[in-house]
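These notes are about the structure you will find just below.
The values are calculated or read from the model by the stated rules, or taken from the named source; none is laboratory data. Nothing here was measured: the structure is a model prediction, and the numbers come from that model. Here Cβ is always computed from backbone atoms with ideal geometry, including for glycine, and neighbour counts include all displayed protein chains. Accessible surface is based on the protein model in full, side chains and every heavy atom, while ligands, DNA and RNA are left aside. Shrake-Rupley method; radii C 1.70, N 1.55, O 1.52, S 1.80 Å.
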Amino acid sequence: MEPNTQILSTEDLRSQEYFLNMGPQHPATHGVLRLLLTMDGEIVKNIEPDLGYIHRGIEKMVEYDTYRQIIHVTDRLDYLSSHINNEAVALAIEKALEVEVSDRIKVIRTMMDELTRIASHLLWWGVMGMDIGALTTFMYAFRDREMINEIMEKTTGARLTMSYNIPGGVMFDLHPDFVKDVKAFIPHMRKVLPEYDRLLTGNIIFQRRMKGVGYLSAEDAVSHGASGPVARGSGVRCDIRKKAPYSAYDRVKFDEIIETGGDNLARYQVRMREMYESLNILEQLVDNIPEGPYQMPMRTLIKLPKGEFYQRVETARGEFGVFIVSDGKKNPYRVKFRSPGLSNLNALIQAGRGVKLADLVAIMSTFDFVIPDIDR
Amino acid sequence: MMNMLSINIFQNWLEQTHGIWYVLVLAGIAAIYLGFFAVAGLMLVYLERRVAGYFQLRLGPNRVGPWGLLQTIADALKLVSKEIFIPKMADKLLYKAGYYIVIIAALLALAVIPFARQIQALDFNVGLFFISAVSSVGVLGILIGAWGSRNKYSLIGAMRSGLQMISYELSAGFAIIAVVLMAGTLKMTGIVEAQKHTWFLFQGHLPAIIAFMIFLISGTAETNRVPFDLVEGESELGAGFHTEYSGMGFAFFFLAEFINMFIISALGATLFLGGWLAPFGITDGLPAQWLWGMIWFLLKVFVLIFLLMWFRWTFPRIRIDQLLTLEWKYLLPVGLVNTVIMAWIVWKDWLIHLG
């Protein structure tokens with residue numbers, strides 16, 4: 001696939017470059033991301049992200065929290081993958097304390113992960129359509145996302161910031177309706193996903209807007225540290241669920257979705273196909289949720305042994321890592337979150353150079369940023 | 001009312017001494033028109049929102065008044081009460097001129113639209129030409145207003161608007177020429193009367209259908225609606241050319257957009273779908289012909305408006321270079337060839353005349 005070469009045609013024409021301030025209040029940045037654009041007419045010459053508008057100092061803040069409290073803060077990072085973020089912290093703590101959780105906990109976590117992933121991708125799909133002007137996708141996606149939200153709400157009591165994981169298990173046992181609801185959800189989702197394709201994917205305008213736009217080569221993806229669907233759209237195998245399986249991912253069969261296009265369409269297809277894979281995982285697990293405790297016995301006040309602990313998980317946006325340095329007290333000495341959004345933003349600068357303003361919006365959409373995840 | 005409306009304003013203005021009654025009558029017609037189109041514009045906004053609700057699995061406005069009919073009127077009242085904010089660095093004259101030009105251009109074009117036999121403010125021999133002339137003035141308002149508001153997003157919107165309008169005027173013109181060839185006149189009533197037996201859509205074999213499709217596409221582009229809403233492009237440019245407008249300034253732009261949609265649909269109905277004429281003459285013998293004419297006309301307009309709304313709530317937005325490619329590489333050549341074929345058909349007298 002050739003990179004976008006439209007810029008070459010106007011190279012001979014000289015015009016005055018100007019600054020365009022995109023954000024922090026701009027509908028396409030989906031939050032308070034600010035991009036300083038150097039523009040030449042409609043063409044984006046350079047992108048300079050200006051971060052910090054939603055910086056809350058979470059990494060510093062958690063140094064004063066006990067380990068149980070850290071989990072609730074991670075909800076506010078990538079709020080669309082809150083369950084997966086929680087899980088990363090819980091897994092890191094369990095790893096440090098060498099606690100082996102029961103199979104039931106593992107399966108519950110995995111199922112919740114996949115539900116979260118589908119919910120996140122659904123929201124992305126709806127917003128993606130809106131970004132390129134197809135407004136109806138948003139409502140379709142939210143209709144189906146609502147089913148997941150209801151499943152979540154029944155079990156965890158929350159719809160977005162779930163804080164369902166705790167060190168050594170999950171907060172509550174599954175709701176009695178959980179299996180029934182998930183079983184109703186899977187066929188529904190399998191029915192509506194082709195509908196989505198008919199509405200948006202097959203549309204000629206959509207195809208023209210996506211194909212060959214925002215090219216990111218595999219080398220660039222790796223060197224900028226991109227992960228998740230962004231890197232997989234460029235053909236980089238980087239799924240943590242495959243590379244370093246956690247929870248119950250080692251016992252389910254699923255494919256790592258790889259597209260080699262490297263353009264908007266490839267990233268789009270990765271996410272669409274990932275939803276099918278998530279459904280496959282759910283289908284394998286929903287009938288075999290093992291019996292067992294949903295919480296392992298743990299001390300109320302957790303103290304980690306001295307040392308450094310790292311745990312990475314695959315969120316809907318890519319690799320999320322938690323790095324904890326402990327000096328043996330009840331608070332961590334230092335915590336670092338490796339968020340997928342920040343690295344992907346780096347790759348955006350590479351992919352978004354030399355495209356039209358409208359394309360930049362589309363590229364940002366396929367990169368799927370959640371700004372609190374970038375800023376922390 | 002019929003006689004009042006059918007006064008040929010231009011002629012009489014020159015011929016008569018301007019007595020007080022004459023001025024009053026004119027003012028009355030203008031008031032009726034303005035009132036009608038303010039309400040029609042608001043109802044179109046309501047309709048758009050209901051249609052959007054229908055497409056998007058939701059209800060749309062349904063709380064203010066019966067079936068939410070008064071919702072847009074409440075919105076308009078809210079907009080009237082809002083402060084008209086003018087940015088500090090804006091060019092005040094151009095900023096204000098922008099929306100007046102847009103709304104005046106939209107309302108002027110309405111003058112020649114025939115609602116039914118004799119229900120038309122102005123019926124003169126170059127009515128169709130008048131419409132295409134006046135509707136291209138609207139873009140000036142957009143350009144001026146966007147330039148005057150000193151906002152880069154507005155300016156990008158205005159640049160796009162200029163490109164888009166100038167391009168799509170051409171292919172819309174060729175589509176219209178195809179009809180003019182069939183009708184042999186530019187007079188709006190003459191065009192409708194020429195479709196007495198068969199609509200132009202079916203009279204001219206395939207070229208008429210192609211002309212209709214080109215007209216629909218370029219009409220959508222001229223009214224700045226999805227998939228051609230790059231001028232507004234809310235996810236790219238905030239609100240495009242009217243980013244800096246508030247209160248009634250915004251409302252004028254908004255209303256003009258919907259009136260333009262009405263004009264394009266009315267033009268489509270008049271040129272291709274037989275205007276006020278009943279299909280197969282099914283209501284021809286009935287009394288109150290002017291009322292039936294209006295009903296048929298508005299029904300046809302509604303069908304086209306619904307089509308435009310269907311586009312809006314289904315299609316993604318097209319990019320600016322694709323927009324120009326579509327026009328200059330596809331629509332314009334096709335339109336040109338189509339016009340030549342149409343001329344051949346008319347010359348050979350191969351038009352289909354049923355009945």
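Considering only protein heavy atoms, what per residue accessible area in square angstrom results for the protein assembly as shown with a 1.4 angstrom probe?
41
Got a sec? Which residues of segment A:202-241 lose 20 Å² or more of accessible surface with every protein chain in place, vs. that chain alone, 1.4 Å probe?
Hits at the 20 Å² cut-off: A:Asn203, A:Ile205, A:Arg208, A:Arg209.
What 222 nm value per residue comes from the helices of chain B, counting each DSSP H run with n ≥ 4 as -39,500 (n - 2.57) and dividing by all residues, nearest 500 deg cm²/dmol?
Calculated at 222 nm, the ellipticity per residue is -21500 deg cm²/dmol.
Rounded to two decimals, what is the ratio between the C-alpha radius of gyration of segment A:204-324 and 2.2 N^0.38 Å?
1.33
Roll a 1.4 Å probe over the protein heavy atoms and report the accessible area of B:Leu326 in Å², nearest 10.
50
Summing -39500 (n - 2.57) over the DSSP H runs of n ≥ 4 in chain A and dividing by its residue number, what mean residue ellipticity at 222 nm do you reach, to the nearest 500 deg cm²/dmol?
After summing the helix terms and dividing by the residues of chain A, the value is -14500 deg cm²/dmol.
Applying a 10 Å radius around every beta-carbon, put B:55-65, A:133-143, A:87-97 in order of their mean neighbour count, most first.
Result, highest mean Cβ count within 10 Å first: A:87-97, A:133-143, B:55-65.
Please work out the ratio of the alpha-carbon Rg of segment B:2-347 to 2.2 N^0.38 Å and round it to two decimals.
Working it through for segment B:2-347, the quotient is 1.01.
Relative to the first principal axis of the alpha-carbon coordinates of chain A, what is the inclination of helix A:357-367, with its axis defined by its Cα atoms, in degrees from 0 to 90 and to the nearest 10?
20
At a probe of 1.4 Å, how much accessible area disappears from chains A and B on forming the pair, both sides counted, to the nearest 100 Å²?
Using a 1.4 Å probe, the pair buries roughly 2600 Å².
Students often get this wrong, so check it: of A:Lys183/A:Lys243; A:Lys106/A:Lys243; A:Lys191/A:Lys243, which have C-alpha atoms separated by over 23 Å?
Listed pairs above 23 Å: A:Lys183/A:Lys243; A:Lys191/A:Lys243.
Kindly sort B:His197, A:His121, A:His30 by accessible area of their heavy atoms, largest first, with the probe set to 1.4 Å.
Ranked from most to least accessible, the order is B:His197, A:His30, A:His121.
Counting pairs of Cα atoms in segment A:58-374, how many percent are more than 34 Å apart?
When all Cα pairs of segment A:58-374 are counted, 21 percent exceed 34 Å.
Let me have the relative contact order for segment B:2-347, percent, based on Cα pairs under 8 Å that are six or more residues apart.
22
Could you check the simple spin-label distance between A:Tyr53 and A:Phe172, using points 7 Å along Cα→Cβ, in nm with one decimal?
With each label point 7 Å from Cα toward Cβ, the separation is 3.6 nm.
Give, in nm to one decimal, the length gained when the segment between B:Ile32 and B:Leu324 is fully stretched (0.36 nm per residue of separation minus the Cα-Cα distance).
Working it through step by step, the gained length comes to 101.2 nm.
Hey, rough spin-label estimate for A:Thr161 and B:Ile282, points 7 angstrom out along Cα→Cβ, what's it come to in nanometres?
A separation of 6.0 nm, rounded to one decimal place.
Counting only protein heavy atoms, probe 1.4 Å: which residues of segment A:328-376 lose 30 Å² or more of accessible surface in the full assembly compared with their chain by itself?
Those are A:Lys356, A:Leu357, A:Ala358, which lose 30 Å² or more relative to the chain on its own.
Got a number for the accessible area of A:Tyr196? Probe 1.4 Å, square angstrom, nearest 10.
Answer for A:Tyr196: close to 0 Å² accessible.
Per residue of segment A:230-237, what does 6.51 cos²θ - 1.76 cosθ + 1.60 with θ = phi - 60° give for ³J(HN,Hα)? Whole Hz please, x for Gly and Pro, Karplus curve as stated.
5, 6, 5, x, 9, x, 9, 7
Identify the trypsin sites (Lys or Arg not before Pro) of segment A:247-319 meeting these criteria: DSSP loop state and at most 13 other C-beta atoms within 10 Å of the C-beta.
Sites meeting the loop and neighbour criteria: A:Lys253, A:Arg299, A:Lys306.
Give me the angle, in degrees from 0 to 90, between the Cα long axis of helix A:103-131 and the longest principal axis of the Cα atoms of chain A, rounded to the nearest 10.
Around 20 degrees separate the two axes.
Going Cα to Cα from A:Lys329, which aspartates and glutamates come in below 20 Å? Please leave out same-chain ones fewer than 8 positions away.
A:Glu59, A:Glu63, A:Asp65, A:Glu94, A:Glu98, A:Glu308
Going down the list A:Lys211/A:Lys356; B:Lys96/B:Lys187; B:Lys96/B:Lys300, which pairs span over 24 Å between their C-alpha atoms?
Checking Cα-Cα distances, B:Lys96/B:Lys187; B:Lys96/B:Lys300 exceed 24 Å.
Apply the a/c threshold of 1.5 to the C-alpha gyration tensor of segment A:142-264 and tell me whether it is rounded, prolate or oblate.
oblate
Within segment B:318-355, what residues put their amide N at less than 14 Å from the label point 7 Å along the Cα-to-Cβ vector of B:Leu170?
B:323-337
How large, in percent, is the carbon and sulfur part of the accessible surface of the protein assembly as shown at a probe radius of 1.4 Å?
Percent of accessible area from carbon and sulfur atoms in the protein assembly as shown: 64.
Greater than 26 Å separation of Cα atoms is the criterion. Which listed pairs, B:Lys88/B:Lys152; A:Lys60/A:Lys303; A:Lys253/A:Lys306, meet it?
Cα-Cα > 26 Å for A:Lys253/A:Lys306; rest within.
Would you rank B:Ser149, B:Ser246 by solvent-accessible area, highest first, keeping every protein chain in place and using a 1.4 Å probe?
B:Ser246, B:Ser149
Once Rh is set to the Kirkwood radius over Cα pairs, what Stokes-Einstein translational diffusion coefficient, in µm²/s, holds for segment B:213-355 at a temperature of 4 °C and a viscosity of 1.567 mPa s?
Here the translational diffusion coefficient equals 73 µm²/s.
For segment B:126-272, what is Rg from Cα atoms divided by 2.2 N^0.38 Å, rounded to two decimals?
Normalised Cα radius of gyration, segment B:126-272: 1.14.
Under 5 Å between amide H atoms, partner at least 5 residues away or on a different chain: which partners does A:Lys45 have, H built in plane at 1.01 Å?
Amide H to amide H, under 5 Å and 5 or more residues apart or across chains, A:Lys45 pairs with A:Thr38, A:Met39, A:Asp40, A:Gly354.
Can you tell me the length gained on complete extension of the stretch B:Trp21 to B:Arg58, counting 0.36 nm per residue apart and subtracting the Cα distance?
Going from the current span to full extension adds 8.2 nm.
In the protein assembly as shown, what is the volume of the convex hull around the alpha carbon atoms, normalised per residue and reported in Å³?
197
Under a straight-distance cross-link criterion of Cα-Cα below 13 Å, which aspartates and glutamates are reachable from B:Lys196, leaving out those fewer than 8 residues away in the same chain?
Hits, sequence-local ones excluded: B:Asp284.
Are there any residues in segment B:315-347 with a reduction of at least 50 Å² in accessible surface when going from the isolated chain to the assembly of protein chains? Probe 1.4 Å, please list them by number.
Residues losing area: B:Pro316, B:Arg317, B:Arg319, B:Gln322.
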